[in-house]
1. Would you tally the net charge around S125, using a Cβ to Cβ cut-off of less than 14 Å, leaving S125 out, and scoring K and R as +1, D and E as -1?
2. For V300, V276, write out the residues from largest to smallest accessible area, computed with a 1.4 angstrom probe and no ligands counted.
3. For the chain, what D do you get in µm² per second when you plug the Kirkwood radius from alpha-carbon pairs into Stokes-Einstein at 20 °C and 1.002 mPa s?
4. Any idea what diffusion coefficient the range 190-321 gets from Stokes-Einstein, in µm²/s, Kirkwood Rh on alpha carbon pairs, 4 °C, 1.567 mPa s?
5. Note down the accessible area of S284, probe 1.4 Å, to the nearest 10 Å².
6. Quick one: which of K189/K311; K179/K212; K35/K317; K43/K225; K35/K265 span more than 25 angstrom between C-alpha atoms?
7. As a test of reading the structure, rank I239, I262, I306 by solvent-accessible area (1.4 Å probe, protein chains only), most first.
8. Please give the helix 101-116 orientation as an angle from the longest Cα principal axis of the chain, in degrees from 0 to 90, rounded to the nearest 10.
Amino acid sequence: MARSFLKNFKSPVQAEINTGFGSNSSNYGGRFLHKSGKSNVHKTGLPFLETISWFHTLLNIPRWKFMLIILIFYFLVNMIFASMYWFIGVEHLKGISPANTLEAFGQAFFFSIQTFTTVGYGHISPSGFWTSLVAAIEALFGLLSFAIATGLFYGRFSKPRAYVMFSENAVIAPFEGGKALMLRLSPYKNTHLTDAEVKVTLSLHIEENGQKVNRFYSLDLEYSKINSLPLSWTLVHKITPESPLYSFTDQDYQNVEGEILIFFKVFDDMYSTTVVRRTSYLFSEVVYGARFLPMFTRDVANSKTILHLDKLNAMEKIGFS
């Protein structure tokens with residue numbers, strides 16, 4: 001059924017050609033966008049280090065990974081310098097009186113920490129040219145390292161981000177006597193978002209002249225712009241005869257290769273800049289015959305609105321009349 005559908009698929013809507021994604025379906029693997037919004041592209045052809053922006057990587061990795069990298073770097077650097085002091089000779093570190101080799105290395109390690117952080121308690125000091133040279137280099141390296149780490153910490157805290165969540169699933173729900181594609185998004189931080197705008201693009205892997213190709217269609221929304229985003233926003237694409245989804249059945253969503261791409265931007269007055277978010281829904285993530293449940297209510301005193309973020313993906317199955 002899916003193969004027949006692909007061969008005979010005709011859309012009343014002109015396909016887009018300027019999406020930035022290629023048209024040859026055989027050259028693509030998997031989805032175009034991850035749920036996180038990152039492009040599903042792996043780059044090769046250059047050395048690994050040439051394809052990595054360490055600054056962007058350290059700004060975007062999860063917080064626990066960032067802290068783990070800082071701790072590992074801190075430990076390894078001090079181990080290296082402690083080894084250098086130990087090989088030069090711990091007798092050149094005044095104030096150390098080790099009882100054995102392990103204790104000597106331990107005291108050299110903690111002297112390295114004091115030098116690296118420029119704390120300098122004073123009970124241990126370098127003696128001799130080579131030990132003093134290593135200590136001077138380590139102190140400089142420590143200053144530069146902490147400057148970089150401070151910049152990264154500031155960059156992670158100050159980086160403009162769109163604190164917006166998307167529902168895990170999209171739904172095909174009854175709407176104004178027909179059907180509509182719906183998905184939901186909501187802000188989740190104590191920020192004020194204005195001038196929100198969204199674009200939804202449908203990607204289909206269809207068969208033309210015996211070859212599978214990618215075709216992209218812009219999906220019109222009931223509202224593509226809103227002035228303010230204090231609560232959730234349900235994006236609604238009414239499935240009319242002009243919609244590329246008009247002839248789709250429940251089985252088609254299960255069998256046809258398709259992806260719904262979401263491009264969202266909004267003005268965050270805290271950062272005084274426009275921030276963006278992207279995500280996508282495979283057809284396997286579209287629930288046919290369901291509708292979202294309300295996710296905000298009034299409080300008991302009827303004095304404010306409560307937004308239930310844990311209900312972002314709350315839905316119920318329904319039939320079509």
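The values are calculated or read from the model by the stated rules, or taken from the named source; none is laboratory data. What you see is a predicted model; the values in this text were computed from it and never measured. When we count neighbours, we look across all protein chains shown, and the Cβ atoms used for this are built from the backbone with ideal geometry, even at glycine. Surface accessibility is based on the protein's heavy atoms, side chains included, excluding ligands, DNA and RNA. Shrake-Rupley method; radii C 1.70, N 1.55, O 1.52, S 1.80 Å.
1. Working: positive: K94; negative: E91, E138.
Local charge sum for S125: -1.
2. From most accessible down to least: V300, V276.
3. 87
4. 75
5. Approximately 100 Å² of S284 is accessible to the 1.4 Å probe.
6. Result: K179/K212; K43/K225 exceed 25 Å.
7. Accessible-area ranking of I239, I262, I306, largest first: I306, I239, I262.
8. Tilt relative to the chain: about 70 degrees.
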